[in-house]
Structure formats: structure tokens, C-alpha cells
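Here the structure is laid out as C-alpha cells; the discussion comes afterwards.
The values are calculated or read from the model by the stated rules, or taken from the named source; none is laboratory data. Values in this document were obtained by computation on a predicted structure and should not be read as measured data. So basically every Cβ, Gly included, is an ideal-geometry build from the backbone, and we count neighbours across all protein chains shown. These accessible areas exclude ligands, DNA and RNA; they are computed on the full protein's heavy atoms, side chains included. Shrake-Rupley method; radii C 1.70, N 1.55, O 1.52, S 1.80 Å.
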Amino acid sequence: MVPDSRRRREPCRVHRRHVFTRRRTVLPVAKHLTVETEFPVMAERHSWAANQDERTGIVQADDARLALGALITPGTTPVAARTGLRPAPGNPGLVSTSSPTPDGRVTVAAFQHIMRSRGTGPYIQTLDAPKMLDILATAPADPANPRHDLVIAQQSDTAYRDPTTAFVVRHVVGIPAVRPNDPPVDGSPDYVVLARIRIAPRANAITAEMIDDLRPDWTVALGGVLPIRDLTERIELTQCAFPGLTIYRRDRKWLEAWDGESWRVVGTVSTANPADITDPYVDQLIFNSRDRTLYRWAGEWIPVAGDAHGKGLVHARRRAQGATIASVITAETPIYQHSVPVQPSRVYRISARVPVIASEAGTTTRVRIKAGTAYITESGETVCPTAGNAVGVSASTVYVTDPSQALLALTVSVERVAGRGALTVTVDREFPLEILVEDLGGIPELVER
């Protein structure tokens, strides 16, 4: 019996619900006579590493690749492995120019790569040291037109009628043209492109700007955290995802895990755009770096703590000792003034409730609030229906501090609008004077002004 390395695989054919692959084995019958036999290939593969022949212990190459592929993150089927570069220190597979002085050469950094095959199971390929390719010595630049060259990693295999079995990192020369395209790749179709080199007319050196990095995505061992570029690559990966698959979003610098239905961000992360969390779970926490606030998901992002989350009451004055604070006859009269420390570009609510007594029934009054020299709100006109009885007059507004503001110069005043009676601001337990400043948060753009 010949070794499996000499066997050929041809396309499958279906017969009576059984899948057969023609596996031809040449058996010697006489000195000048051979017989070809066909054996069905079943779904059950040879296990790693059980002897299939008691004398030689031969294991097929496909079976060996399948066994090693079982240790890699899955691909699109239960027995496929995800292809790609193996993450490692440095920059595996990077094609770079000569340093410090560019010349006609490029260097391919060492790497290991998991590559598909035309059979089953992936190839595991290794470039164990940097490889230099002399691009312009092999093919000098065209004097008139640019061209696109490729640097590829290619696998050939005599089992699929290639002339050799080899893994090679090589240069594919492009075709000069006014608008050049990538050149066709000869030889085995099992290859990946590492880089495109855009050769300008009459170029005598290759610079970094001439190299397009086209390296494939990463792949890792089964159960490892898979680094991916961005949301687009995550969408492509979803068809291969299994519950528990964990990825590292390099564009967002956080972990996500597939739970069988959606990608869920792992733990508490920092983002300037909560919409990046595509499928938040109930009570998930995020830190919004734009407004420096911690949020919780409850059907919407609710501030929990931080700059955008209101800090509550930051200033309060309440007097109820039965004293007369001010008398008002004609002119507007300040009854309270205070400088309140505030934060810039922040939202506050300022409220005042003032007890006013009129000496004559029907006298009308109002309360006004200033920030610095500018009025920011006032109450409606309030009528004192009887003489000698207190009426509570209230005013309230939302106020946004300036980008550099650190103090709020607050003034509350009372004004007689109509009538002849004198007004007094007289406090007691039933009608106290109350001045409140509340910190509502740090999203001033939500305030209509």
C-alpha cells in the first residue's frame, strides 16, 4: 500500500445519499499490470493520532491539518478554522522599507499564518526570520508608467497537482499602465496578499508612502481573545461566532463577547459616544468621556454619577425667625444677595420663594432674580388680596454658566407693580424665605435658550 501523500483527491459525487471521494490506490498485481481501486471517504475522519496502517502508522495530511485546526478559533463551519495571522510581539508580516535610508528593497517581518487549503484543514505556515525582497533589482521601475506589485505568502502542494509542495513569501511584478491594477498571481490559488507596492515611473527607491498594508486579519487559539480592527470586521465575524467568543475591539480598546444573540461589551468601558454600545444589557455601566459621567442602561442611558449627573442642592438659604427683611414702597428692592461658587458650562436651577405682606388690599407685586447685572427670571404679577396677610411669591429658572464662570453673583429683589400699599418681606415659620441653587448637570446644549 502506497503512502497517503501519493493519493489524489478529486471532487465529491453524491450517490444514494452517500458521499464518495475517489481515492485511487495503485496496487501491483503483476510485473506489468496495475489495478486502480476506489474507496468511499466517510464523514468520520481519521483521529489524531491513531495508526491507520499497523506497519507504517501513516496519518493523512488532511487529517493532520484538521486535528491542528481544531485548536484554532472556528471558521464558518464546525470543522473549519479561522484563517489569519497569529498575533505576536512586533508587527508580524509587515512589509517595510529599508531603514534608515530607503532603497529598492523591502523587508517582510517574521510571522506565522493559518491559511485555508484546497482540501480540508488549514496549513500552518511560518516565516521564522525577516525576509528581504529586492523589488527594483528584480524589476526596475518603468520609465513612463506606474505599476502595482504585490508581496504574497503562497502555499503549493503536490497533492493538488502543483509542481512542488512549498510555502514561500514572494514578489509578484505588476504591469505598467497609466492606471495600473494589481497583477494576476500565478501558481497555487492558496495565497494571501501581505502588501501592495505602488512603483512610480523611474523610481529608484521604495518609501513608506508607496506601500499599502494588506495583511489578513488575526486569528488565535480556540478560547483566546481575538483582536479585530473595527465594527465592520465584527459584523463579518458574527457568522462564525459561538457563545463565549471574546474579541478585543482595537478601534474602541475594549472587550466584547458573543452571548448567542448579540455582541455584549464586557465590563465598564469609557466612550465618547454611547451609541457605540450596540446591544447594552440592563444595568450595564459606561463612562461617557465627553461629559465625564457614569451612565446606567435602563432602556436609555441614565446618568448615575459624574459631571453630567446633577449634584443636587449646592446653595440654600431659609429664614423663618419672624423678622422683617425689607420694606418696599415704589423702587425695586434687593432682599437677598450672595456669590455662589459654580462650575463652568453647567446647568443650574435657581429658585426663590418670598413672603410678601401688603399694607393695602389689592396691591400687586413680583419677585425678580439677577445673575450679575442681568435679569434671568421673574415671577408673575401677584395680587395681595388682603392687607396684613403674607402671600408667597415664587420665581424659578434654569441657568447655564459660561465656559469660564466660577461664581454666580445672585440677587433676589421685590418690586411693587401696582397699588398704593407698602410692602414688607416678613418671614415666619408658616411663610419662610427660601433661596435655592441646584446643580442639574453638565449637558448645557439640552437647555433651550
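Quick notes on this structure:
- As a ratio to 2.2 N^0.38 Å, the alpha-carbon radius of gyration for the stretch 252-296 is 1.09.
- Between Leu231 and Glu209, the simple label model (points 7 Å from Cα in the Cβ direction) yields a spacing of 3.2 nm.
- Accessible carbon and sulfur surface of the chain relative to its total accessible area, %, 1.4 Å: 53 percent
- Take the Cβ atoms of Thr278 and Val168, set R0 to 45 Å, and the FRET efficiency comes out at 0.60.
- Across all C-alpha atoms in the chain, the radius of gyration and Dmax reach 39.5, 137 Å.
- Lys/Arg +1, Asp/Glu -1 at C-beta; the stretch 161-212 dipole; positive extreme among Tyr191, Thr165, Pro201: Pro201
- Based on every Cα atom in the stretch 338-449, Rg and the maximum pairwise Cα distance Dmax equal 15.8, 47 Å.
- Debye, to nearest 20: dipole size of the stretch 276-330, +1 on Lys, Arg Cβ, -1 on Asp, Glu Cβ: 620 debye
- Within the chain, longest stretch clear of exposed GluC sites (Glu not before Pro) (DSSP loop, no more than 10 other Cβ within 10 Å): 55-260
- Mean shadow area of the stretch 114-154 over all directions, Cα convex hull, nm²: 4.4 nm²
- Cα pair distances exceeding 25 angstrom across the stretch 210-331, given as percent: 47 percent
- Remark: the Thr324-Ser262 segment gains 15.7 nm on full extension, using 0.36 nm per residue and subtracting the alpha carbon distance.
- Taking all protein chains into account, the per residue accessible area for the chain stands at 55 Å² (1.4 Å probe).
- Highest-first arrangement of 212-220, 401-409, where packing means the average Cβ count within 10 Å: 212-220, 401-409
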